[in-house]
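Novice: Okay, here's the structure, questions in a sec.
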Amino acid sequence: MELASYSDYAVRLVNTEEPARNKDTLTSVETVRELFGGSQQAARRATEADVTRFRSVRARLRAVFEAADDGDETLAVDLLNSLLLEFPVSPQISGHDFRDEDGRPDWHMHLADHPSNATAGYAAIAAMGLAFHLTGHGVDRLGLCEAAPCRNAYLDTSTNRSRRYCSDRCATRANVAAYRARKREEAERTGRSAEAAQPSTAVTDR
């Protein structure tokens with residue numbers, strides 16, 4: 001697996017909260033376990049204590065995306081480096097059950113599960129994945145959705161670095177809002193022009 005793909009761990013965690021909508025879905029150990037996806041062994045280590053710890057890591061990951069979205073590359077890197085130092089990774093070569101034409105394992109790099117607790121393991125994987133994505137594609141590839149009040153995190157993988165929204169739904173909503181705003185402006189301009197073109201009906205004193 002390409003190590004940059006682990007950056008999805010960071011996005012999944014950050015997007016469990018929508019601050020502008022006062023919405024937080026990270027409220028139980030079950031929701032923590034769901035974040036691990038197919039890594040059931042790591043998910044089983046999660047306890048109620050991890051809910052609070054995951055929220056703390058989430059805030060720090062969101063700060064990385066916010067710095068990147070503001071164009072502050074140095075701050076984004078510094079914040080991510082602090083996570084990497086606190087939650088070191090354990091790289092591991094894996095072959096799974098896949099074989100090439102000669103019958104050899106398809107060796108590739110994985111990040112091994114952290115043995116201490118669920119939060120440390122998840123944070124290590126999320127931070128390293130985000131670091132690989134940032135160094136491989138650029139800080140400007142980390143963004144926050146522009147469709148207010150969403151502000152969900154996303155990773156821009158477009159060929160022309162043009163992504164601005166976290167989903168097609170938010171993109172559609174933003175385009176519709178922009179279209180309606182343009183229509184209102186046109187209507188207001190038309191109304192003002194019509195008023196200006198009308199002859200004066202004022203009656204003068206004699």
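The values are calculated or read from the model by the stated rules, or taken from the named source; none is laboratory data. A quick note: this is a predicted structure, and the numbers were derived from the prediction, not measured. Please note: Cβ atoms are built from the backbone with ideal geometry, for glycine as well, and neighbour counts cover all protein chains shown. Side chains are part of the model used for accessible areas, which takes the heavy atoms of the whole protein and leaves out ligands, DNA and RNA. Shrake-Rupley method; radii C 1.70, N 1.55, O 1.52, S 1.80 Å.
Novice: For the chain, which semi-axes, largest first and in whole Å, follow from the square roots of 5 times the eigenvalues of its Cα gyration tensor?
Specialist: Rounded to whole Å, the semi-axes are 49, 20, 16.
Novice: Hey, what do the phi angles of the range 179-185 turn into as Karplus ³J(HN,Hα) couplings, whole Hz, using 6.51/-1.76/1.60 and θ = phi - 60°, x for Gly and Pro?
Specialist: Karplus values, whole Hz, x for Gly and Pro: 4, 5, 5, 5, 5, 5, 5.
Novice: Another question, if that's okay. In the chain, what percent of the accessible surface is made up of carbon and sulfur (1.4 Å probe, ligands and nucleic acids excluded)? Please report the intermediate quantities before stating the final value.
Specialist: Details: 6280 of 12620 Å².
Within the chain, the accessible surface is 50 percent carbon and sulfur.
Novice: Hey, another quick one. Before rounding to the nearest 500, sum -39500 (n - 2.57) across all DSSP H runs of length at least 4 in the chain and divide by the residue total; then give [θ] at 222 nm in deg cm²/dmol.
Specialist: -16500 deg cm²/dmol
Novice: Using the Cα centre of the chain as the reference point, and only Cβ charges (+1 on K/R, -1 on D/E), how large is the resulting charge dipole? Debye, rounded to the nearest 20.
Specialist: 860 debye
Novice: A further question follows. Taking θ as phi - 60°, what are the ³J(HN,Hα) couplings along the range 19-33 by the Karplus curve (6.51, -1.76, 1.60), each to the nearest whole Hz, with x for Gly and Pro?
Specialist: Once θ is set to phi - 60°, the couplings for the range 19-33 become x, 5, 9, 6, 10, 9, 9, 8, 10, 8, 5, 5, 5, 4, 5 Hz.
Novice: When the convex hull of the Cα atoms of the range 1-113 is projected onto a plane and the area is averaged over all directions, what value comes out in nm²?
Specialist: Values: hull surface 35.2 nm².
Averaged projected hull area, Cα only: 8.8 nm².
Novice: Can I ask one more? Using the per-residue mean of other Cβ atoms lying within 10 Å as a proxy for protection, in what order, highest first, do the peptides 7-18, 140-151, 83-94 fall? Show your work: numbers first, answer last.
Specialist: Values: 7-18: 21.0, 140-151: 18.2, 83-94: 14.0.
Ranking, from highest mean packing down: 7-18, 140-151, 83-94.
Novice: Give me the accessible area per residue for the chain, probe 1.4 Å, as a whole number in Å².
Specialist: So the chain comes to 61 Å² accessible per residue, rounded to a whole number.
Novice: Quick one: Karplus J couplings for the range 139-154, per residue in order, coefficients 6.51, -1.76, 1.60, θ = phi - 60°, nearest Hz, x for Gly and Pro?
Specialist: Coupling constants for the range 139-154: 4, 5, 8, 9, x, 10, 3, 8, 7, 4, x, 4, 6, 5, 7, 8 Hz.
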